[in-house]
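Structure, as structure tokens:
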Amino acid sequence: MRDLRTRWSFWCLLLMVLTALFGGRLFDAPPEREVAAPFSKPLWIDRDLPPTKELRLTADAPSLRVDWRFAPPSRFSIRIDSSAGESGRFVEWRKPGALAPLRLAPLKAGFEADGRDIAFKRSLGLPPFGDASASLFSEQGEYELSLSGEGDFDGSVVVKLEGGRWGVLGTDQRGRDIAALFVAGVRVSLIVGIFATLLATFLGTSLGLASGYLGGWVDSILMRIVDLLLSIPLLPVLMALAALWGKGLWQLVLILSIFSWMGTARTVRALVLTLRDAPYIEGLRGLGAPSGYILRKHLLPETFPVLLATMTLGVPGAILSEAGLSFLGLSDPRVISWGRMLHEAHSFGAFTAGAWWMLLPPGLGIALLCLVFLDLGKFLEERVDPRLRKGVRP
Amino acid sequence: MNYWGRRIAGALLVLGLVLALNFLLFRLMPGDPVASIVDPRFSPEAKEQLRRVYGLDKPLPVQFVLYVKSTLSFDFGISFLTGRPVMDELRSRVPNTAILLGTSLLLSAALGTWLGIKAALRRGSLLERCVLWSGALSFSFPSFFIQLLLLMLFASMIPIFPLRGTLSVPPPPGGAALLVDYLRHMALPVLSLVLLGFGGWAIYVRNLTVKILGEDFILMARARGLPRKNILRGHVFRTMLPPLLTIFLLSLPGIVSGAVITETVFSLHGVGRFLLEAVTGHDYPAAGAAFFLLSLLTVACNLLSDLLYGVADPRVRLERGNR
């Protein structure tokens, strides 16, 4: 087992598990928080697009200059916090090269406006359609935000400019950070993949042991059930069960494991069939050992090495099934998973927005996790059966 | 009972179990099935009337017999959502699903077999490595991710293919224009299924061919001086046929499941998406019907492959007992 350390998949899995456990701490906000404009591109794409910015006027800094070298921001909003009421003063906005500043808003406590408000656009003398930010940021150069008139000002004016770029991986249709969602999704895939396979292995092992050791009618009934379950289309059954039994994470684990124990049962049964008539088992039976004892102490341990490999190779199936069900929209909408992210990308306009950055992280994440488990499974299989190793001929 | 009889009996048994499962799945769910269509303000008499219309007032075994009778005559009742007979809804969708699955299955099988044999004949070549990689990728990448990527690339960024649907809205007039429009909509789904399907198929064929090429009878055929073409066609391909039919059989349930995903990604008017809409909309008659049709398709294809196996490999007909 020591050369496990030389496998890339081992380190990759370790990283994923650590991410699932502690990844949430990398972000200040919970993943479902809306942090920026919808469909913001990743920061490292398109440098002409503006980043998200916040301009703040306070008593200490009653005016500030912005050097703007980008396209207009995709959203513009202004909020005024002050204890004073009507003061007759204004928040002003001076475009580069303009002589007179534009009166943006009255300096009034509790004033709030958004670039999409029709009343706000009318007060600026702009057409009622579109976002005001396009005409407020019509040029590139140095802009100035200031207060008109004289006197003290207690409170703050906050102008929020939501850019078209945000974070490492951009944002989704609701403006949530995709990097945070991605990290939150690792956990669901790992939980479902590992626990569904554990449960399925448990089911498959017990039924396979019973079928192989007892034989007779138990065997034929169990193998008939295996044949039946293998011949019905799996996904429609899973869909129906997910819709009927509820969409929770643990219900999903249960449903997936009920329909994926068949392969393990067959493997264990075949193994037990070859061992059942081995001389040492026959000897034990001759000595009067009860069936339960033989099964527990001699047959079960024999299956462990094989089980370890089949179990690891079974995890990708569970991960892909969970992703498929979530993609079809049959998962709990409150639980963030990679399948769910792809579902939202598909049904909430990522295609019309051309938002490819919503597709790649979850899809590649699923594929990477599956490859990791496939590689680990292959490694374990080679341990169990050294003939499978490269260059070794039987 | 002979081989054919046993196979048909087996298929009928599976069909019976599917019917039972289908019946139980949509009856034993929590809550009253009528509850979803009954307004709480309805009078008790009206509720009773509705229960009678759907046959829910009779005991469970009687319901089951009635259910089997109506299902086998393809009478699936009335959809809760649309209020129209489920069969009418399905009739327009079955051809789309059949064309989608049939075309892609045939294409990927043909391409996979051809590439697999080629790869086995040229061991260690670039072609063989490509085949092995494409197979590994199609095992680990979720099918809908590949399809979404294709859709993003070829319908959104480079708009060669339409983004959604089976026909344009409104559909173009005239037979030829309609056909072209239909083909344009079906091209990307079929292409994606072929792309996802041929890799696994090619790997399987390659492994089979490599094994067969090492057999003594191939050496013998070579020693007799038979032309390469004849060896490939008469010896290699003929020996490969029965196991190929088996893998065809085993891949069918997965392909039918794939129809749900594919039709959802490309918003096609097919049985798979109908099932999804019925399941999410708690439309039990519709969901039951779609589920039954998909299972029927699987069982029928299984039986067909079994029977073909009997023709291709006459030895199995002599074997006694179960598979």
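Values for this structure:
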| item | result |
| --- | --- |
| Segment A:227-273 - residue that is more than 20 Å from A:SER189 (Cα to Cα), surrounded by fewer than 22 Cβ atoms within 10 Å (Cβ to Cβ) and charged (D, E, K, R) and, of those, farthest from the other protein chains (Cβ to nearest Cβ) | A:ARG266 |
| Members of segment A:71-84 that are under 20 Å from A:ARG165 (Cα atoms), modelled with pLDDT under 80 and hydrophobic (A, V, I, L, M, F, W, C) | A:ALA71 |
| Qualifying residue in segment A:384-391 (condition: touching a residue at least 40 places away in the same chain (Cβ under 8 Å) and of a type outside the set (D, E, K, R)) | yes |
| Residue, nearest to A:ALA243 (Cα to Cα), within segment B:245-255, restricted to residues that are at the interface with another protein chain (Cβ under 10 Å from one of its Cβ atoms) and surrounded by fewer than 20 Cβ atoms within 10 Å (Cβ to Cβ) | B:GLY254 |
| Helices (runs of 4 or more DSSP H) wholly inside segment B:1-88 that include at least 2 residues being modelled with pLDDT under 80 and surrounded by fewer than 12 Cβ atoms within 10 Å (Cβ to Cβ) | B:44-53 |
| Inter-residue pairs, beta-carbon under 7 Å, first without any contact (Cβ under 8 Å) to a residue 12 or more places away in the chain and in segment B:159-184, second surrounded by 14 or more Cβ atoms within 10 Å (Cβ to Cβ) and among the aromatic types (Phe, Trp, Tyr), 6+ apart | B:ILE160/B:PHE154 |
| Answer from A:LEU325, A:LEU320, A:LEU342, A:LEU308 - the residue that is in a helix (DSSP H, G or I) and either of a type in the set (Phe, Trp, Tyr) or in contact with a Cys (Cβ under 7 Å, 6 or more places away or on another chain) (or both) | A:LEU320 |
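This table checks each residue for (1) touching a Ser or Thr at 6+ places or on another chain (Cβ under 8 Å); (2) closer than 27 Å to A:TRP356 by Cα; (3) assigned to a loop (DSSP other than H, G, I, E, B).
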position: B:ALA155; (1), (2), (3): no, yes, no
position: B:PRO159; (1), (2), (3): no, yes, yes
position: B:ARG164; (1), (2), (3): yes, yes, yes
position: B:VAL169; (1), (2), (3): no, yes, yes
position: B:PRO173; (1), (2), (3): no, no, yes
position: B:LEU178; (1), (2), (3): no, no, no
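Okay, residues lined up against (1) in the same structural domain as A:SER77 (by TED's automatic domain parsing); (2) in a strand (DSSP E or B); (3) at pLDDT 80 or above; (4) under 20 Å from A:ARG94 (Cα atoms):
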site: A:ALA105; (1), (2), (3), (4): yes, yes, yes, yes
site: A:ALA113; (1), (2), (3), (4): yes, yes, yes, yes
site: A:LYS121; (1), (2), (3), (4): yes, no, yes, yes
site: A:PRO128; (1), (2), (3), (4): yes, no, no, no
site: A:ASP131; (1), (2), (3), (4): yes, no, no, yes
site: A:TYR143; (1), (2), (3), (4): yes, yes, yes, yes
site: A:GLY149; (1), (2), (3), (4): yes, no, no, yes
site: A:ASP152; (1), (2), (3), (4): yes, no, no, no
site: A:VAL158; (1), (2), (3), (4): yes, yes, yes, yes
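Results for (1) more than 9 Å from chain A (Cβ to nearest Cβ); (2) among the aliphatic types (A, V, I, L, M); (3) more than 24 Å from B:PHE144 (Cα to Cα), shown as yes or no for each residue.
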residue: B:LYS229; (1), (2), (3): yes, no, yes
residue: B:SER257; (1), (2), (3): no, no, no
residue: B:GLU263; (1), (2), (3): yes, no, no
residue: B:HIS269; (1), (2), (3): yes, no, no
residue: B:ARG273; (1), (2), (3): yes, no, no
residue: B:VAL279; (1), (2), (3): no, yes, no
residue: B:LEU293; (1), (2), (3): yes, yes, no
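Residues checked against (1) over 20 Å from the mean Cα position of the chain (by Cα); (2) of a type in the set (Phe, Trp, Tyr); (3) loosely packed, with under 14 Cβ neighbours inside 10 Å:
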{"site": "B:PHE161", "(1), (2), (3)": "yes, yes, no"}
{"site": "B:HIS185", "(1), (2), (3)": "no, no, no"}
{"site": "B:LEU193", "(1), (2), (3)": "no, no, no"}
{"site": "B:ALA202", "(1), (2), (3)": "no, no, no"}
{"site": "B:THR209", "(1), (2), (3)": "yes, no, no"}
{"site": "B:MET220", "(1), (2), (3)": "yes, no, yes"}
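The values are calculated or read from the model by the stated rules, or taken from the named source; none is laboratory data. What you are looking at is a predicted structure, and each value in this text was computed from that prediction instead of being measured. Because the Cβ atoms are built from the backbone with ideal geometry, glycine has one as well, and the counts that use them run over all protein chains shown.
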